[in-house]
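The values are calculated or read from the model by the stated rules, or taken from the named source; none is laboratory data. It should be emphasised that the depicted structure is a prediction, and the values quoted were computed from it without experimental measurement. Here the Cβ positions follow ideal geometry from the backbone for every residue, glycine too, while neighbour counts run over all protein chains shown. Keep in mind that these areas ignore ligands, DNA and RNA; they rest on the heavy atoms of the full protein, side chains included. Shrake-Rupley method; radii C 1.70, N 1.55, O 1.52, S 1.80 Å.
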Amino acid sequence: MLAIGNVPLANQVIMAPLAGITDQAFRVIAKSFGCSLVTTEMISDMGLIYGQSRTYRIASTSGEERPVAVQIFGSEPDTMGKAARIVQDLGADIIDINMGCPTPKIVKNGEGAALMLDIPRCREIIRAVVAEARVPVTVKMRSGWDQEHLTYLELGRVAEAEGAAALTLHPRTRMQFFAGKADWGQIRQLKQEVGIPVVGNGDIRTPQDAKRMLDETGCDAIMVGRAALGNPFLLRAIAAYLETGMIPDPPDRKERTQVAMRHLQLAIEFKGEWVAVREMRKQLAWYVKGHPGAAHIRAELNAATSREEITSIFAAWAAQEDFNPRQ
Ligand SMILES: Cc1cc2nc3c(=O)[nH]c(=O)nc-3n(C[C@H](O)[C@H](O)[C@H](O)COP(=O)(O)O)c2cc1C
């Protein structure tokens, strides 16, 4: 059975960390749709050390989502080690180190993907985190800074030597951001380079994509990001397809509505109605994206200020299917 360190995973389907999205509510939903591992949003080491309340909120996890990886970012070995200890005490089953974030405000501090230009520093950070952690430590990276600095294989070797339990590769460079295609050949290369589990990531949109990545690269598990937004059903479909070769029917409007409302309910439980309603507008609109009436619903959601309003917007949308099942 697949395991990251001593943490067994029920299948090969992992939900990606997505800042601003994979909060507790999202993670509980994703878990209920059958992925074996979820990850928090990226969390600042300094925010944890200074005890910022927002940082602690995004680092907190609940039993329902376990096993859960908590992702930390920073550029100093010492503070990353301290941050590791804090998130471990808060309940992390796995500690993931972010070495791939391309955002300007992160890389200008030497954090995220900027670290891929400084492999000795990566080594020190991984060493410090592993030294503090009782739980497995993993590293999530890109292929490098740019085409002239493809350092993923070197970082993979270093991470393994320092005791990392698994690696995730999103095979684009920092300079690519999200442009072009993820180069799955690099996932295969990394898999051949190291003995620890490799999680492949990038551009998986369908169950067939997931299977193709596993087959083409030999990676141990796959990680799904953007395609699961408003679409946790994809996680269920991938898990089913990998297990049985069959793809379950896509969700109808009723199921989409039920899950969107459960997602909202969880967000309200974790954050209170005022915050949840405002933060969830974007995510709720994704549940109807691509369906007739989506633009209209998005506008209505943007104006909604209570759970009640949102419930009735979705109820009206769900009911439409009864009039025209072919829509
Ligand atoms: C909105 C957004 C937020 C993200 N936040 C994080 C993050 O906090 N930590 C991280 O390691 N990667 C983050 N990523 C990268 C994803 O985890 C993933 O590597 C990337 O989206 C490629 O996978 P995909 O093609 O399946 O989306 C983010 C990506 C997006 C689009």
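Results, tabulated for the structure shown:
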{"quantity": "Residues located in the range 172-209, provided they are open to solvent by 60 Å² or more (accessible area, probe 1.4 Å) and not in a loop (DSSP other than H, G, I, E, B)", "calculated": "188, 189, 192, 193, 208"}
{"quantity": "Residue selected from the range 12-52 under the condition polar (S, T, N, Q) and open to solvent by 40 Å² or more (accessible area, probe 1.4 Å), by the criterion nearest to residue 223 (Cα to Cα)", "calculated": "12"}
{"quantity": "Flag for residue 188 being more than 16 Å from the ligand (Cβ to nearest atom), farther than 20 Å from residue 135 by Cβ and at pLDDT 95 or above", "calculated": "yes"}
{"quantity": "In the range 4-56, residue nearest to the ligand (Cβ to nearest atom) [restricted to those that are in a helix (DSSP H, G or I) and aromatic (Phe, Trp, Tyr)]", "calculated": "26"}
{"quantity": "Residue that is farthest from the ligand (Cβ to nearest atom) [pool: residues in the range 227-264 that are among the β-branched types (Val, Ile, Thr) and farther than 22 Å from residue 23 by Cα]", "calculated": "244"}
{"quantity": "Flag for residue 213 being assigned to a helix (DSSP H, G or I), of a type outside the set (Gly, Ala, Ser) and farther than 22 Å from residue 198 by Cα", "calculated": "no"}
{"quantity": "Some residue of the range 61-84 being within 19 Å of residue 220 (Cα to Cα), open to solvent by less than 10 Å² (accessible area, probe 1.4 Å) and either outside any loop (DSSP other than H, G, I, E, B) or within 16 Å of the ligand (Cβ to nearest atom) (or both)", "calculated": "yes"}
{"quantity": "Filtered residues of the range 199-209 (kept if away from the ligand (no atom under 11 Å from the Cβ) and in contact (Cβ under 8 Å) with a residue 40 or more places away in the chain)", "calculated": "207"}
{"quantity": "Hey, residue 224 open to solvent by less than 10 Å² (accessible area, probe 1.4 Å) and within 12 Å of the ligand (Cβ to nearest atom) or not", "calculated": "yes"}
{"quantity": "Any hit, the range 248-266, residues being at pLDDT 95 or above, closer than 30 Å to residue 182 by Cα, within 25 Å of the chain's Cα centre (by Cα) and among the hydroxyl-bearing types (Ser, Thr, Tyr)", "calculated": "no"}
{"quantity": "Residue match in the range 223-242 (condition: of a type in the set (D, E, K, R), over 20 Å from the mean Cα position of the chain (by Cα) and modelled with pLDDT of 95 or more)", "calculated": "no"}
{"quantity": "Members of the range 299-315 that are open to solvent by 60 Å² or more (accessible area, probe 1.4 Å) and either in contact with a Lys or Arg (Cβ under 6 Å, 6 or more places away or on another chain) or modelled with pLDDT under 95 (or both)", "calculated": "302"}
{"quantity": "Selected residue (only one of 25, 30, 3 is in contact with a His (Cβ under 8 Å, 6 or more places away or on another chain) and at pLDDT 95 or above)", "calculated": "25"}
{"quantity": "Any hit, the range 116-131, residues being surrounded by fewer than 16 Cβ atoms within 10 Å (Cβ to Cβ), assigned to a helix (DSSP H, G or I), free of Cβ contacts under 8 Å to residues at least 24 places away in the same chain and within 22 Å of the chain's Cα centre (by Cα)", "calculated": "no"}
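Here's the yes/no breakdown for (1) farther than 19 Å from residue 106 by Cα; (2) more than 13 Å from the chain's Cα centre (by Cα):
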residue	(1), (2)
29	yes, no
32	yes, yes
37	yes, no
42	no, no
46	no, yes
57	yes, yes
63	yes, yes
79	no, yes
